[in-house]
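Encoded as structure tokens, the structure appears first; notes follow it.
Rule-based calculations on the coordinates, nothing more; no lab input. As the structure is a computational prediction, the values presented were derived from the model and not from experiment. Here the Cβ positions follow ideal geometry from the backbone for every residue, glycine too, while neighbour counts run over all protein chains shown.
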Ligand SMILES: [Zn+2]
């Protein structure tokens, strides 16, 4: 029977081990360094807990209650007019409570920019809607709405815009009103109000 040889351990003083220990890792190239930095930042962002407002009690937004304030964007107003809906009445039919349709300065500016075709929308907005003043630059209404509802959770957002809906869904406690067929529907409305969604 052949004798099994136990492998000899290298001594730490062995030149082969010493060489390996002294070998320094290759310094990272600039691009690689940036990649590492970016990854670290991303990880940090993902680990941060979302800041939840103190008015949120579990999933119920206590600031929300009648009269409901509904910020409507341009497409919501336009689709409503196309479908011949009385905006205020349809809102009340949907929520079974008093509703205040609202627009911001930049939404009105957007409607003005859209020109003649939207003059009826502009007229209705000016006559029936409450106006929220804007202090920001530019007229990009989506950002304005998102910022507002993030800071003040007392609104419902009326929009048919898919991208805006997606952004609003990420903010806890903000229900979204939109058109389905010839009426409004609300999503993410707390059950506490007894409204079927
Ligand atoms: Zn604005």
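Given the criteria closer than 16 Å to residue 78 by Cβ, under 13 Å from the mean Cα position of the chain (by Cα) and free of Cβ contacts under 8 Å to residues at least 12 places away in the same chain, does residue 170 qualify? For residue 170, the condition - closer than 16 Å to residue 78 by Cβ, under 13 Å from the mean Cα position of the chain (by Cα) and free of Cβ contacts under 8 Å to residues at least 12 places away in the same chain - is not met. For segment 121-197, the strands (runs of 3 or more DSSP E) that sit wholly inside it and include 3 or more residues that are more than 14 Å from the ligand (Cβ to nearest atom) are 176-180, 183-187. The set of residues from segment 93-109 being within 21 Å of residue 149 (Cβ to Cβ) and in a helix (DSSP H, G or I) comprises 94, 95, 105, 106, 107, 108, 109.
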